[in-house]
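Okay, so here's the structure we're looking at.
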Amino acid sequence: MSNGLNLEGTIENLYLKQLGPSTRSLLEDHRRNESLYLKTNRAFETFERTICQDLIRTFFELCHSQIPIFDRADFQLKYEAGRVSILILHAVYFVAMAHCNETLYRQAGFTDRYSATFACYQKAKTLYDASYESDAIATLQAVCLLSYWWGSPLEQKDMWHWLGIASGLAQSLGLHQRKTYTGLNERNKRLWKRLWWTIYIHDISAALVLGRTPHINDAYCNVGMLNDDDFDSDDDEVNADLFGDPSRDSRLYLVYSAQLYLHTSKCMLEIARAESDEFAVTQTLDALASWKDSLPLELRLGQSMISANTIPWASLIHLSYFTVQILLRRSSLKHHDGMKVGTIAFDAAVQIVRILEDLVSLQLLHFALPRSSAAVLAALSVQIANMHGCAAHLVEVSKHRARLCMFVMKKLKDHAPPLAWYYRLFVRLLHSMGCQIPGEDIQEPIQTQRLRGLASSTPDFAYHSQPGHDPHNSEFGSLFNDPALCDLDLPEAMSPFAFSGFLNSDLVDETSAAMESHDLNILST
């Protein structure tokens, strides 16, 4: 790697010599100003050593097995020598802060998780924007981690933005082409291949969830499939306490996840074709079943006991599979009858709820963060579709499952800010359908309050007079409790997120009508 850096430095110097003195002086001034800016914004500052170690431990214990983008032995050597890229460190700390326990981020000086993740993300972003890191692979690793950021509904530099950068940089380096690996040593071959497939999995998964076209086009990719030989082979040299100890099951999870999302990409392409044939779409969807049948025993549900001391890799990969089934079939269906009882989507939603229930009961939900947000929204959309037009007993069962989904979402929203927005919207939506969420009061729309003709001179008196409400509290969650949200129609409220694709248009129209009917019923009382 050092030879590569020396070569880059030589090329850079030769290039600069071709420029005039005034141009070189201008560039030097720019670099000095940028360096001063980075120092002023504390981009080079980290935490106390013990906190840094705890964050590193959290990352490798909870995250790296699902995002295996580092050579653990190489990372350990650089970390012990103080040579890990500061850009990478901030990106690692950002992901770790999203997963760590409350005690750790408070020890780091933050009062809430959002502030902790934002601070680390912002430092990494500042360094990236300044082109501080010259090592392209280090930059790619950091950007790959930043692609798990989504801070607010209207943020432009969100997950999709960073995924575009990661997939573009990976392809510019040739990670998608078999020929690129010819001159690499075995260690770098394994690392680059894991990097590529990690980005690929995330890109296809996010594209499906967000209803967008993937950044990666399979037609231009010929790198070999991920296999067990592509993982670190020198685990004995690594400090497992600090840098984790990946199991064989975790490796199988990545290998079969890559296959799952390759199948998923083909299905998405078939569904998106302008002249898509329904029979061809059905064939590609049915091909997913063959992937499930090919899973080894270690990744089959019910073949291994789930306990609080082991990571449930079989549960995690099935969480992805059932989510994919729901989203693909949602995309290919014109009516939400395809989510009714007896359909593949319905059965997939039932399985998701069961898996989430197991993870919650064993306190293992934190292991499933990268996949659980999409899963809970997908399962919830199916439950909502079955709350009308079904037999009474099915409606009650759907409400029960919806409440469990909301319970899981409430636990997850601290780790995934977009879910906080969705949680409040779904509370109101479910309430309008006769499904009350325990512990959640529903604010009347402000327009309803005005129609009632409140005696108070303050239009939002009822809101501010609630017990425990502090109008000056700037807590992150306060945005999502604002009754102004209640004035928005469901499609309008959900439009800031591409996640709104979880509810197809006819279902949204029906639930919006239910909300309006519910508001009119309030007025008549």
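The values are calculated or read from the model by the stated rules, or taken from the named source; none is laboratory data. For clarity, every value in this text was computed on a predicted model and none was experimentally measured. Note: ideal-geometry Cβ built from the backbone for every residue, glycine included; neighbour counts use all protein chains shown.
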Could you list, in sequence order, all residues of segment 209-229 that are part of a helix (DSSP H, G or I), at pLDDT below 95 and in contact with a helix residue (DSSP H, G or I) (Cβ under 6 Å, 6 or more places away or on another chain)?
VAL209, LEU210, ASP228
Taking the criterion of being under 19 Å from the mean Cα position of the chain (by Cα) and not polar (S, T, N, Q), would at least one residue in segment 216-236 satisfy it?
yes
Identify, from the list TRP149, TRP162, the residue that is surrounded by 20 or more Cβ atoms within 10 Å (Cβ to Cβ) and modelled with pLDDT under 95.
TRP149
Taking LEU295 as meeting all but one of (1) of a type outside the set (S, T, N, Q); (2) surrounded by fewer than 18 Cβ atoms within 10 Å (Cβ to Cβ); (3) at pLDDT 85 or above; (4) not in a helix (DSSP H, G or I), write down the number of the exception.
(2)
I'd like to know if segment 148-155 contains one or more residues that are more than 27 Å from ASP234 (Cβ to Cβ), part of a loop (DSSP other than H, G, I, E, B) and of a type in the set (Ser, Thr, Tyr).
yes
Of the conditions (1) of a type outside the set (Asp, Glu); (2) out of contact with any Lys or Arg (no Cβ under 8 Å at 6 or more places or on another chain); (3) in a helix (DSSP H, G or I); (4) within 23 Å of SER373 (Cα to Cα), LYS78 satisfies every one except a single condition; which number is it?
(4)
Of (1) farther than 20 Å from PRO312 by Cα; (2) without any contact (Cβ under 8 Å) to a residue 24 or more places away in the chain, SER265 satisfies every one except (2)
Check THR310 against each of (1) hydroxyl-bearing (Ser, Thr, Tyr); (2) in a loop (DSSP other than H, G, I, E, B); (3) at pLDDT 90 or above and name the one condition it does not meet.
(3)
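Scan segment 387-433 residue by residue and report those that are of a type in the set (Phe, Trp, Tyr) and closer than 12 Å to VAL376 by Cβ.
Within segment 387-433, the subset of a type in the set (Phe, Trp, Tyr) is 407, 421-423, 426.
Within segment 387-433, PHE407, TYR422, TYR423, PHE426 meet the criteria.
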Could you grab me the full set of residues in segment 14-32 that are surrounded by 10 or more Cβ atoms within 10 Å (Cβ to Cβ) and of a type outside the set (D, E, K, R)?
LEU16, LEU19, THR23, SER25, LEU26, LEU27, HIS30
Which numbered condition trips up ARG57, out of (1) touching a residue at least 60 places away in the same chain (Cβ under 8 Å); (2) out of contact with any Leu (no Cβ under 7 Å at 6 or more places or on another chain); (3) buried (at least 17 other Cβ atoms within 10 Å of the Cβ); (4) assigned to a helix (DSSP H, G or I)?
(2)
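Residues TYR105, TYR93: which one is touching a helix residue (DSSP H, G or I) at 6+ places or on another chain (Cβ under 7 Å), crowded, with 20+ Cβ neighbours inside 10 Å and without any contact (Cβ under 8 Å) to a residue 24 or more places away in the chain?
On the way: TYR93 fails: without any contact (Cβ under 8 Å) to a residue 24 or more places away in the chain.
The conditions single out TYR105.
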Residue by residue through segment 26-54, note down the ones that are hydroxyl-bearing (Ser, Thr, Tyr) and part of a loop (DSSP other than H, G, I, E, B).
THR46
Within segment 26-44, residues being in contact (Cβ under 8 Å) with a residue 60 or more places away in the chain and of a type outside the set (Lys, Arg) number 5
Determine the pairs where a residue that is outside the structural domain of LYS157 (by TED's automatic domain parsing) and among the acidic types (Asp, Glu), located within segment 109-137, has a partner that is in a helix (DSSP H, G or I) and modelled with pLDDT of 95 or more with Cβ atoms under 7 Å apart, the partner being 6 or more residues away or on another chain.
none
So if I check each of ASN239, ASN222, ASN227, ASN217, which one is of a type in the set (S, T, N, Q), free of Cβ contacts under 8 Å to residues at least 40 places away in the same chain and under 29 Å from ASP74 (Cα atoms)?
ASN227
